[in-house]
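First comes the structure, then the notes that go with it.
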Amino acid sequence: MAGSRERDRRRARERYERQREVQLARRRKIRQRLGIGLAVVCVLGLIGGLTAVLATGGKPAAKPKATASASPSASASASASATTSAAAVAEPATHCTYTTSGVAAAAKKVSVPPTAPNYKAAYTASINTNLGPIDINLLNSKATCTVNSFVHLATAGYFNASQCHRVTNTNGLYVLQCGDPYAKASTKLTCSQAAKSPGTGGPGYEFASENLPTGASSAGTVTYKAGTVAMANSGSSDTNGSQFFLVYKDSTLGPDYTPFGTITSGLDILQKVANAGTSCTYSGPGDGAPKEKVIINSVTIKQT
């Protein structure tokens with residue numbers, strides 16, 4: 001009997017270790033994919049914790065659906081619910097640095113943005129999609145170099161004919177991620193993690209984070225409000241490129257993603273896409289390629 005009980009205990013421990021390894025592997029996979037990097041509260045059975053999901057280069061940040069708390073026309077706060085920090089460089093920035101050394105080649109040929117931003121300008125952007133326009137107020141006075149890059153890429157047509165490749169609706173993360181030309185409009189998204197697959201591309205340069213939220217909870221997270229537009233990254237701050245995410249419902253993330261815009265109309269489009277679910281998955285249910293295809297035809301920038 002003693003030998004039988006010992007075998008039962010050993011088998012129970014082995015089952016637990018196998019389950020734990022699967023959970024940890026899933027968390028590592030999410031961290032690799034998003035970052036957008038991604039950074040999100042992820043409860044895995046008995047093992048709970050924060051997992052970076054919004055990242056580029058094999059990490060987008062996304063999970064599908066849910067009705068956002070803000071109305072489509074509401075101008076939601078683009079910063080986290082916590083106050084934003086005084087970045088290392090005072091904003092508005094008068095000089096920007098974009099690094100190409102050690103950065104993967106651009107997913108689509110484009111030049112590096114000018115280092116002298118128009119920091120006094122006020123910009124709006126309209127992401128013209130097959131489902132309708134998503135209008136954004138760009139926070140040039142708070143994230144000058146980020147806006148400078150976004151305006152440059154949009155004006156160059158970098159985002160044209162690309163898909164928003166990831167939608168997330170799980171574990172406190174409710175975003176649509178876009179900005180990678182590897183996700184061509186004609187491509188059927190498969191949630192592949194291979195090199196040069198959607199979610200791994202960038203503009204061939206990186207730049208520092210700005211306007212990061214402070215006042216994180218004891219879990220190290222903040223709330224990115226519905227309507228926020230923020231940069232995805234390669235898994236850590238200061239690795240911003242071209243990918244960005246649109247928050248359609250209040251989301252819990254680490255304070256590592258630069259908020260650079262506020263959605264002023266079109267939030268209903270994001271909700272519709274989220275409600276449609278996913279056609280494949282990256283890290284599990286509620287995180288994958290949008291079943292409702294979102295094609296960016298162009299991005300129009302207006303200076304006011």
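The values are calculated or read from the model by the stated rules, or taken from the named source; none is laboratory data. Since the structure is predicted, the reported quantities are computational estimates derived from the model, not experimental observations. Glycine gets a Cβ as well: all are built from the backbone with ideal geometry, and neighbour counts include every protein chain shown. Note: accessible area is taken over every heavy atom of the protein model, side chains too, but ligands, DNA and RNA are not part of it. Shrake-Rupley method; radii C 1.70, N 1.55, O 1.52, S 1.80 Å.
Within the bounds of region 175-182, is there any residue that is surrounded by fewer than 24 Cβ atoms within 10 Å (Cβ to Cβ) and either assigned to a strand (DSSP E or B) or not hydroxyl-bearing (Ser, Thr, Tyr) (or both)?
No - not one qualifying residue is present in region 175-182.
Is one or more of the residues making up region 115-132 aliphatic (A, V, I, L, M), open to solvent by 10 Å² or more (accessible area, probe 1.4 Å) and under 24 Å from VAL222 (Cβ atoms)?
Checked against the condition, which is being aliphatic (A, V, I, L, M), open to solvent by 10 Å² or more (accessible area, probe 1.4 Å) and under 24 Å from VAL222 (Cβ atoms), region 115-132 yields no hits at all.
Residue check: is ALA289 at pLDDT 95 or above, over 24 Å from ALA121 (Cβ atoms) and not in a strand (DSSP E or B)?
So ALA289 does not fit the description; no.
Residues are listed down the side, and each one gets a yes or a no for (1) among the hydrophobic types (A, V, I, L, M, F, W, C); (2) buried (at least 24 other Cβ atoms within 10 Å of the Cβ):
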| site | (1), (2) |
| --- | --- |
| PHE207 | yes, no |
| SER242 | no, yes |
| PHE260 | yes, yes |
| ASP268 | no, no |
| GLY277 | no, no |
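With aliphatic (A, V, I, L, M) and over 13 Å from the mean Cα position of the chain (by Cα) as the only criterion, which of VAL229, VAL175, VAL247, VAL222 stands out?
After applying the criteria, what remains is VAL222.
Based on what the data block shows, is SER126 polar (S, T, N, Q) and either within 21 Å of THR262 (Cβ to Cβ) or in a strand (DSSP E or B) (or both)?
In short, yes.
Looking at region 224-231, is at least one residue within 17 Å of THR99 (Cβ to Cβ) and in a strand (DSSP E or B)?
yes
Please determine whether any residue of region 160-174 is part of a loop (DSSP other than H, G, I, E, B), in contact with a Lys or Arg (Cβ under 7 Å, 6 or more places away or on another chain), open to solvent by less than 40 Å² (accessible area, probe 1.4 Å) and over 18 Å from VAL229 (Cβ atoms).
no
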